[in-house]
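Engineer: This is the structure I have questions about; it appears just below.
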Amino acid sequence: YLFKKYAITYYYSLAGLTKIKELETLRRQKQQLNIYGAFIANPSRNARAEAYPCSSSPIDKIDTMTIAVFTDLVLPKQLDNPPPFHRATAEDFLQNASDFKILQLSLHACMDDQNYLQFFASDGQPSLVTPKDIYGLSLNAENIVLANCNSASGSNIKGEGIKSFARAFAMAGCSSVLAMMVSASEAVTASIIEDYYVNILDKKQEKHIALQNAKSSYIREHPDAHPWKWANIICIGDTRRVLSGK
């Protein structure tokens, strides 16, 4: 496989990548942020799951992995109160997302004519975030992990390219995005993302190198695994190391 020889990353345009790197350099000089904010919203556990047409399958393994990473790698380094972590609503996310250097969304997404991310119901009503909502944010994240299916896919607009959730977060200020091109295998995604966090937080690897090594580790342990299980996880944007923070 090509990725064994090369650590691969993507971006939507050279001009956009240059701008993101310039903004990231200025941001690193000015801001001290909490290092990790995970917003878990598994609507399949929700009493109003019927309100979410894309929430039929559980994402328990990704939830469990996220909590383990937060406990083992982040809490010893983060002295502030933990971020919104369980039963996250769209309001939680929109109000708090700009406070973190690393973001993770562990939830379901619907990729249709409307396109939205599904958070927990708020006051008995569906709690959704659309690309339009994301474009309106001013995020400070060095990295966002979109642990949901098809987060890097979308409509191919002539002259614009792929209009996806990954692109929306990049345009909203996230320097780099880890996203899924197709439907995600829950267990495989959880395993690779866990190793990815170890690589960027403990081993201080650059993000594209961290993803390459995480995929390599998975394949060594599962040599017969079909590429659709792991090849769809891609790195987009600025690949520099994550700086330490609060």
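Engineer: Answer yes or no: is there a residue in region 196-204 that is of a type outside the set (Gly, Ala, Ser), in contact (Cβ under 8 Å) with a residue 40 or more places away in the chain, surrounded by fewer than 24 Cβ atoms within 10 Å (Cβ to Cβ) and touching a Cys at 6+ places or on another chain (Cβ under 6 Å).
Structural biologist: The answer is no, given that none of the residues of region 196-204 is of a type outside the set (Gly, Ala, Ser), in contact (Cβ under 8 Å) with a residue 40 or more places away in the chain, surrounded by fewer than 24 Cβ atoms within 10 Å (Cβ to Cβ) and touching a Cys at 6+ places or on another chain (Cβ under 6 Å).
Engineer: Of these, Ala184, Ala166, which one is under 30 Å from Asp224 (Cα atoms), touching a Ser or Thr at 6+ places or on another chain (Cβ under 6 Å) and not hydroxyl-bearing (Ser, Thr, Tyr)? Give the derivation first.
Structural biologist: Values: Ala184 fails: touching a Ser or Thr at 6+ places or on another chain (Cβ under 6 Å).
Criteria check complete, one pass: Ala166.
Engineer: Quick one: which of Ser127, Ser106 is crowded, with 20+ Cβ neighbours inside 10 Å, outside any helix (DSSP H, G or I), modelled with pLDDT under 80 and among the polar types (S, T, N, Q)?
Structural biologist: Numbers: Ser127 fails: modelled with pLDDT under 80.
Residue meeting the stated conditions: Ser106.
Engineer: May I ask you to verify whether Ser185 is touching a Lys or Arg at 6+ places or on another chain (Cβ under 6 Å) and among the small types (Gly, Ala, Ser)? Don't jump to the end; show me each part of the working.
Structural biologist: Numbers: touching a Lys or Arg at 6+ places or on another chain (Cβ under 6 Å): yes; among the small types (Gly, Ala, Ser): yes.
The answer is yes for Ser185.
Engineer: In the set Ile134, Ile144, which member is part of a helix (DSSP H, G or I) and modelled with pLDDT of 90 or more?
Structural biologist: Working: Ile144 fails: part of a helix (DSSP H, G or I).
When all the criteria are applied, what remains is Ile134.
Engineer: Of the conditions (1) at pLDDT 90 or above; (2) farther than 21 Å from Tyr11 by Cα; (3) touching a Phe, Trp or Tyr at 6+ places or on another chain (Cβ under 9 Å), Asn199 clears all except one; give me its number.
Structural biologist: The failed condition is (3).
Engineer: Restricting to region 88-103, and then to whatever is charged (D, E, K, R) and surrounded by fewer than 23 Cβ atoms within 10 Å (Cβ to Cβ), can you tell me which residue is modelled with the highest pLDDT? I'd like the intermediate steps shown before the answer.
Structural biologist: First, the residues of region 88-103 that are charged (D, E, K, R): 91-92, 99, 101.
If we keep only those that are surrounded by fewer than 23 Cβ atoms within 10 Å (Cβ to Cβ) too, we end up with 91-92, 99.
On the way: Glu91: 86, Asp92: 81, Asp99: 81.
Going through the qualifying residues, I end up with Glu91.
Engineer: Given (1) of a type outside the set (Val, Ile, Thr); (2) surrounded by fewer than 24 Cβ atoms within 10 Å (Cβ to Cβ); (3) over 12 Å from the mean Cα position of the chain (by Cα), where does Ser164 come up short, assuming only one miss?
Structural biologist: Single failed check for Ser164: (2).
Engineer: Same structure again: Out of everything in region 153-185 that is modelled with pLDDT under 85 and aliphatic (A, V, I, L, M), what residue ends up being nearest to His108 (Cα to Cα)?
Structural biologist: Looking only at region 153-185, we keep the residues that are modelled with pLDDT under 85, and these are 153-163, 182-185.
When the remaining residues are screened for being aliphatic (A, V, I, L, M), the result is 157, 162, 182, 184.
Values: Ile157: 24, Ile162: 20, Val182: 13, Ala184: 11 Å.
Per the criteria, the residue is Ala184.
The values are calculated or read from the model by the stated rules, or taken from the named source; none is laboratory data. Only a predicted model underlies this, so the values are computations on that prediction, with no experimental measurement involved. Backbone-built Cβ (ideal geometry, glycine too); neighbour counts: all protein chains shown.
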